[in-house]
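What follows draws every value from the coordinates through simple rules; no lab data is involved. Keep in mind that this is a model prediction, so the values were computed, not measured. Counting neighbours? That spans all protein chains shown, and the Cβs are built from the backbone with ideal geometry, glycine included.
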Amino acid sequence: MSEYITLKDNRDFSGLYRRGKSFVGPVLVKNKSDNLRFGITTGKKIGKAVRRTRSRRVIREAYYKLYPDIKKGYDFVFVARGKTPYVKSTVVYKEMK
């Protein structure tokens with residue numbers, strides 16, 4: 001999984017929030033911009049650590065399934081929503097697609 005580049009720095013996330021486009025759904029919020037990198041944000045509103053971790057795992061798994069079909073040149077920030085820890089990765093995958 002070393003070929004996946006993740007966003008880690010706060011400046012990367014805040015830059016995408018400022019200049020990227022966003023798409024809102026019941027399970028995810030998607031922001032996209034220039035390179036093929038991705039980051040996942042889960043806030044405390046999602047729940048305690050177990051639910052936030054599950055949300056990140058579900059989003060990450062859906063992204064890995066979709067990765068081969070994505071054109072290069074995008075940054076994605078996926079923001080978990082309240083329903084995210086309760087759905088399967090296939091539901092998130094369909095929304096990402």
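To test your reading of the geometry: what angle, between 0 and 90 degrees and rounded to tens, separates the Cα axis of helix 49-66 from the longest principal axis of the chain? With rounding to tens, the tilt is 50 degrees.
Relative to the dominant Cα principal axis of the chain, helix 10-19 is inclined by about 80°.
Enumerate the residues in segment 2-27 having an amide nitrogen under 16 Å from the point lying 7 Å beyond the Cα of residue 67 toward its Cβ. It comes to 2-8, nothing else. Over every Cα atom in the chain, the radius of gyration and the widest Cα-Cα span, Dmax, amount to 12.5, 35 Å.
Only aspartates and glutamates eight or more places from residue 48 in sequence, or on another chain, were considered; none has a Cα closer than 15 Å.
Projecting the Cα atoms of 24, 36, 50 onto the charge dipole of the chain (Cβ charges, centred on the Cα centre) puts 50 farthest toward the positive pole.
Going by a ≥ b ≥ c, the root eigenvalues of the Cα gyration tensor, does segment 44-97 fall in the rounded group (a/c under 1.5), the prolate group (a/b larger than b/c) or the oblate group? Since a/c reaches 1.5 and a/b is larger than b/c, the shape of segment 44-97 is classed as prolate.
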